[in-house]
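Student: Sharing a structure, written as structure tokens. Questions coming.
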Amino acid sequence: MTLNIANHSSFYGVSHHKSGQINLPVAPKCNVQCNYCNHKFDCLNENRPEVTSEVLSPTQALFYLEQAITRSPNIAVVGITGPGDPFANPDETMETLRMVRAIYPEMPLYVSTNGLDLLPNIDELARLQVSHVTLTINAIDPKIGAEIYSWVRYNKKMYRDVDAAKLLIKKQLESLSRLKEAGVTAKVCSTIIPGINDIHVITVASKVAELGADILQCLPFYNTKETLFENLTEPSSEMVQEIQDATSNFIPQMKHSVLSRSAAFPEKTVEYRPYIAVCSMEGMMINQHLGEAERFLIYGMNDKGKSLLVSVRKAPQAGGGEQRWKALAETLKDCRTVLVSGVGNSPKKVLNSHGIEVVVLEGVIKEIVYGIFSGMDMQELMKRSQIHSAISHCSGTGKKCG
Ligand code: SF4
């Protein structure tokens, strides 16, 4: 039987066609090393490849969730999927879930984990009425698992090879049984890695079905640079289809997920833009033209509601026309606004089309960033600053913005 998530209401409480979801990045550490994962990026088990999220504290995450819900009332699901593993960071994960549940009693919540440290948290997840837990299980045979995982860190001890895989698989299967005893919906995710576990995924499906898993998602392995598996071939769509067909004999399939690495991803998630980017020559004032900026200062808010410099990002190289601005839009994809003292029409158009507002003004960075985060009217903020129009600052030669 094939089950489409769109009519599987127990997962999200609503059809995902009508809903949006937001992942709160509160869990930076991971307790496992999957050979297809580069820890520089978000956990690959339920996220887009080669994406890095900035980490938030639980209080910041709640603040941004509230902001996001105000801006996008269609948010209907809140998840914690990384950027590492939620239960390698149990305090942050559970605190965030408790806070969100206290404010949004009806909101469907979910977590996605490798399962190593899930067990001690299951009872509380059930009490918090988490709508489902996604458990990534790539093998149930430790010899195959040893080819997929380099190491596992459990109770401050490192395990390697078959010992690591044995421990991880044991914890995953125990967690799955316990989730079902506690009445929590369990989705299992298996990554198909050609030549390593492709056929074995069918055995995984049979085992997890026996333990009561509600649904299985078979995801193609994604070839990530700087990993042990960087030269491994990705599975063909035929192979994925064959394995999905074979596993569907044991357990319902989730073929398209709001979280899958398919092209459907961008339309089905709520854009998460917690930051403001600033062009500044010295770091105190907004006083630089967009086209002249060699780096962007990225501001967020701290736990106490104060603006905070969270990172400095390199600007794409000058030249290249529209490509340069598309690359900039990618660099600033988690920023809602960029503050500049001047901008040309072309970059403004490209950034706007990627959902980034470009505001031209001059003034003290901290005051203006704080004003924006506190919801002050932009016109009022501009009145308080020295306003300069885009035209008066743009040389018009195309050298800056070309
Ligand atoms: Fe990466 Fe695996 Fe850890 Fe996810 S569980 S962050 S894929 S090592």
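Student: Please find, within region 169-207, the residue that is most open to solvent (accessible area, probe 1.4 Å) out of those that are farther than 22 Å from SER237 by Cβ and acidic (Asp, Glu).
Tutor: By that ranking, first place goes to GLU181.
Student: Looking only at region 65-85, count how many residues are closer than 29 Å to LEU116 by Cα, of a type outside the set (Gly, Ala, Ser) and either open to solvent by 10 Å² or more (accessible area, probe 1.4 Å) or within 16 Å of the ligand (Cβ to nearest atom) (or both).
Tutor: Going through region 65-85 one residue at a time, the tally reaches 4.
Student: Would it be correct to say that LYS166 is assigned by TED's automatic domain parsing to the domain that holds ASN31, away from the ligand (no atom under 16 Å from the Cβ), under 18 Å from ASN31 (Cβ atoms) and in a helix (DSSP H, G or I)?
Tutor: yes
Student: Could you list, in sequence order, all residues of region 277-298 that are within 29 Å of the chain's Cα centre (by Cα) and closer than 19 Å to GLY355 by Cα?
Tutor: ALA277, VAL278, CYS279, LEU290, PHE296, LEU297, ILE298
Student: Let me ask something additional. Of all residues in region 100-154, which are open to solvent by 30 Å² or more (accessible area, probe 1.4 Å), away from the ligand (no atom under 16 Å from the Cβ) and assigned to a loop (DSSP other than H, G, I, E, B)?
Tutor: Correct list: TYR104, PRO105, GLU106, GLN129, ILE140, ASP141.
Student: Could you pull out the residue among SER257, SER280, SER346 that is within 30 Å of VAL208 (Cβ to Cβ) and either at pLDDT below 90 or of a type in the set (S, T, N, Q) (or both)?
Tutor: Details: SER280 fails: within 30 Å of VAL208 (Cβ to Cβ); SER346 fails: within 30 Å of VAL208 (Cβ to Cβ).
When all the criteria are applied, what remains is SER257.
Student: Follow-up question, since we're still on this one. Can you name the number of the only condition in (1) open to solvent by less than 20 Å² (accessible area, probe 1.4 Å); (2) of a type outside the set (A, V, I, L, M, F, W, C); (3) at pLDDT 95 or above that GLU210 fails?
Tutor: For GLU210, the failing item is (1).
Student: Within region 34-53, is even one residue at pLDDT 75 or above, under 21 Å from VAL78 (Cβ atoms) and more than 12 Å from the ligand (Cβ to nearest atom)? Don't jump to the end; show me each part of the working.
Tutor: Going through region 34-53, the residues at pLDDT 75 or above turn out to be 34-40.
Pick out the ones that are also under 21 Å from VAL78 (Cβ atoms) and you get none.
No, the conditions are met nowhere in region 34-53.
Student: Further, regarding this structure: Can you name the residue in region 86-99 that is open to solvent by 10 Å² or more (accessible area, probe 1.4 Å) and touching a residue at least 12 places away in the same chain (Cβ under 8 Å) and is also nearest to the ligand (Cβ to nearest atom) among such residues? Break it down into steps so the answer makes sense when it comes.
Tutor: So the first thing to find is which residues in region 86-99 are open to solvent by 10 Å² or more (accessible area, probe 1.4 Å), and the list is 88, 90-92, 95, 98-99.
Right, trim to touching a residue at least 12 places away in the same chain (Cβ under 8 Å) and you get 88, 90, 92, 95, 98-99.
Details: ALA88: 8, PRO90: 15, GLU92: 15, GLU95: 20, ARG98: 23, MET99: 23 Å.
Result: ALA88.
Student: Looking at region 290-312, which of its residues are open to solvent by less than 40 Å² (accessible area, probe 1.4 Å) and either more than 18 Å from LYS366 (Cα to Cα) or not in a strand (DSSP E or B) (or both)?
Tutor: LEU290, GLY291, ALA293, GLY305, listed by residue number.
The values are calculated or read from the model by the stated rules, or taken from the named source; none is laboratory data. Everything numeric in this text was worked out from a predicted model, so none of it was measured. In this analysis, Cβ positions are derived from the backbone assuming ideal geometry, glycine residues included, and neighbour counts consider all displayed protein chains. Heads up: the accessible areas ignore ligands, DNA and RNA and are worked out on the full protein's heavy atoms, side chains in. Shrake-Rupley method; radii C 1.70, N 1.55, O 1.52, S 1.80 Å.
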